[in-house]
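The values are calculated or read from the model by the stated rules, or taken from the named source; none is laboratory data. This is a predicted model, so every value here is computed, not measured. Cβ sites come from the backbone with ideal geometry, for glycine too, and all protein chains shown count toward neighbours. Protein only, heavy atoms only, side chains kept; ligands, DNA and RNA dropped before computing areas. Shrake-Rupley method; radii C 1.70, N 1.55, O 1.52, S 1.80 Å.
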Amino acid sequence: MDPNQNQGEANVVFEAQALVYRCVNNYATSMSLGCALELGIPDIVHNYGKPITIQELVSKLNLPIDKTGHLQQLMRLLIHFNFFSVTKLHDQDDEGYVLTAASKLLLNDTSKNSQNLLPFVSLALDPVIMTPWRFLGKWFKGNESTVFETAHGIPFWEFANRNPVFNGRFNDAMASDSHLMSLVIKDCQEIFEGVESLVDVGGGTGLNTKILLEAFPHMTCTVFDLPHVVADMSETMNLKYVGGDMFSTIPSADAIFFKNVLHNWSDDDVLKILKRSREAIRFAGDKGKVIIIDMVLDEKQDRREITETKMVFDVLMMVLVTGKERTKVEWEKLFVEAGFSRYNVTPNFGLRSLMEVFP
Ligand SMILES: C[S@@+](CC[C@H](N)C(=O)[O-])C[C@H]1O[C@@H](n2cnc3c(N)ncnc32)[C@H](O)[C@@H]1O
Ligand SMILES: O=c1cc(-c2ccc(O)cc2)oc2c(O)c(O)ccc12
């Protein structure tokens, strides 16, 4: 027998073993990141103002000295995932930790930067969100429409309605995601050109709309969301809040805007929402359109990690709500079935793309 053949078989098995261990232990990365945030490590590194050594970090955290090696282990994993990096200290042999682009998004101190995903990460690690994963197998064999319902007894949006603390946490998380939109919205001049009125459907507490209004102050905007989400919001001359159910009615406007909303719903539900949107723009003539910011799965074009993240969101939407992520072909099928004639996709929002859909 060829000894190389044996070696080859062993390599395949060991590669497979590494894959199994990597996947099954993925939670260790999110838990380690959660721990770093609980301890406030990004803020300490930020406030130190220069690279911070492991000894200085232990001291700032008030940890027992004998935890130094363990903290180093935690930091090594987070460095591997690009949450921190190490740099040589001037005139010394020692090294210190510094923030990376990712950990700069996770600071408690938001005074210098409104781009902050800490509320989003806190939501992701909340037991309300994590518990349903334990019920995934049970759900596959049962009748509930979501895993969330199998775990918590009621659907996600009803849970948010009944639990004001969770509702606040959820809305803050979604708003933190929206802050990043301001980075690109100014580049979208032509998309909002001619749009005089816009309804942000499922617009949450209205941050998307406020960012849009900063860039396009001539517009009149309505944030439309469930009544418990928009209750007691303060309005301005060109920003109104309306409570309601998008399956029953959507207020009329030139443009109907959805960010991070349609991926929460099944194809049947998206079809109903799109048909309601078409009714809502029927008086707008040539100006009428639907603007969607959401994920578009594209395994051929996207880097492997981007596809991986989108596929995780795909399953996440199945677990929490009744949703999914979609390919361009899947989106197109829905647009055509809802009676729209054409659409454009601008893939410039990181994980999200912007789609314009015309009657
Ligand atoms: C994932 S959040 C997106 C929030 C916001 N568009 C953003 O990007 O930050 C989905 C929103 O849809 C709202 N929603 C859920 N069901 C709805 C319904 N039947 N009618 C109107 N809004 C609804 C939720 O309350 C929530 O604010
Ligand atoms: O309720 C959620 C939670 C998330 C979420 C959870 C865990 C993660 O690692 C990332 C995100 O995202 C949501 C979302 O994008 C959405 O449209 C509705 C609800 C949630």
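Given the conditions (1) at negative phi; (2) open to solvent by less than 50 Å² (accessible area, probe 1.4 Å); (3) more than 13 Å from ligand 1 (Cβ to nearest atom), report the number of the one that G339 does not fulfil.
That leaves (1) as the condition not met.
Considering segment 89-116 alone, what residues qualify as being touching a residue at least 12 places away in the same chain (Cβ under 8 Å) and more than 18 Å from the chain's Cα centre (by Cα)?
If the condition is that a residue be touching a residue at least 12 places away in the same chain (Cβ under 8 Å) and more than 18 Å from the chain's Cα centre (by Cα), then L89, D94, E95, G96, Y97, V98, L99, T100, N108, D109 are the ones that fit.
Can I41 be described as open to solvent by 70 Å² or more (accessible area, probe 1.4 Å), over 22 Å from the mean Cα position of the chain (by Cα) and of a type outside the set (S, T, N, Q)? Spell out how you get there, then give the answer.
Details: open to solvent by 70 Å² or more (accessible area, probe 1.4 Å): no; over 22 Å from the mean Cα position of the chain (by Cα): yes; of a type outside the set (S, T, N, Q): yes.
It is false that I41 is open to solvent by 70 Å² or more (accessible area, probe 1.4 Å), over 22 Å from the mean Cα position of the chain (by Cα) and of a type outside the set (S, T, N, Q).
Quick one: in segment 272-298, which of the residues that are among the acidic types (D, E) and open to solvent by 50 Å² or more (accessible area, probe 1.4 Å) is nearest to ligand 2 (Cβ to nearest atom)? Write out each step before concluding.
So the first thing to find is which residues in segment 272-298 are among the acidic types (D, E), and the list is 279, 286, 294, 298.
Keeping just the survivors that are open to solvent by 50 Å² or more (accessible area, probe 1.4 Å) gives 279, 286, 298.
Numbers: E279: 24, D286: 31, D298: 18 Å.
Within segment 272-298, the match that is nearest to ligand 2 (Cβ to nearest atom) is D298.
Restricting attention to segment 46-57, report how many residues are out of contact with any Gly (no Cβ under 6 Å at 6 or more places or on another chain) and within 19 Å of Q92 (Cα to Cα). Before the answer, list the steps.
Going through segment 46-57, the residues out of contact with any Gly (no Cβ under 6 Å at 6 or more places or on another chain) turn out to be 46-50, 54-57.
Next, only the ones that are within 19 Å of Q92 (Cα to Cα) stay: 48-50, 54-57.
Residues in segment 46-57 being out of contact with any Gly (no Cβ under 6 Å at 6 or more places or on another chain) and within 19 Å of Q92 (Cα to Cα): 7 in total.
Under the condition of being of a type in the set (V, I, T) and closer than 23 Å to R352 by Cα, which residue from segment 239-287 is nearest to ligand 1 (Cβ to nearest atom)? Show your work before the answer.
Step one: filter segment 239-287 for residues of a type in the set (V, I, T), giving 242, 249-250, 256, 261, 270, 273, 281.
Right, trim to closer than 23 Å to R352 by Cα and you get 256, 261, 270, 273.
Numbers: I256: 12, V261: 5, V270: 12, I273: 8 Å.
Looking at residues that are of a type in the set (V, I, T) and closer than 23 Å to R352 by Cα, I get V261.
Enumerate the helices (runs of 4 or more DSSP H) found wholly within segment 1-98, keeping only those where 1 or more residues are of a type in the set (D, E, K, R) and under 22 Å from E305 (Cβ atoms). Don't jump to the end; show me each part of the working.
Values: elements: 3-24, 27-39, 41-48, 54-60, 68-80.
Per the criteria, 3-24, 68-80.
What residue, among those in segment 120-138 that are part of a helix (DSSP H, G or I), free of Cβ contacts under 8 Å to residues at least 60 places away in the same chain and open to solvent by less than 40 Å² (accessible area, probe 1.4 Å), is farthest from K104 (Cα to Cα)?
Selected residue: V128.
Within segment 299-311, does at least one residue satisfy the condition of being more than 14 Å from L271 (Cα to Cα), within 16 Å of ligand 1 (Cβ to nearest atom), buried (at least 18 other Cβ atoms within 10 Å of the Cβ) and touching a residue at least 24 places away in the same chain (Cβ under 8 Å)?
yes
May I ask you to list the residues in segment 210-221 that are of a type outside the set (A, V, I, L, M, F, W, C) and within 12 Å of ligand 1 (Cβ to nearest atom)?
Scanning segment 210-221 gives a single hit, K210.
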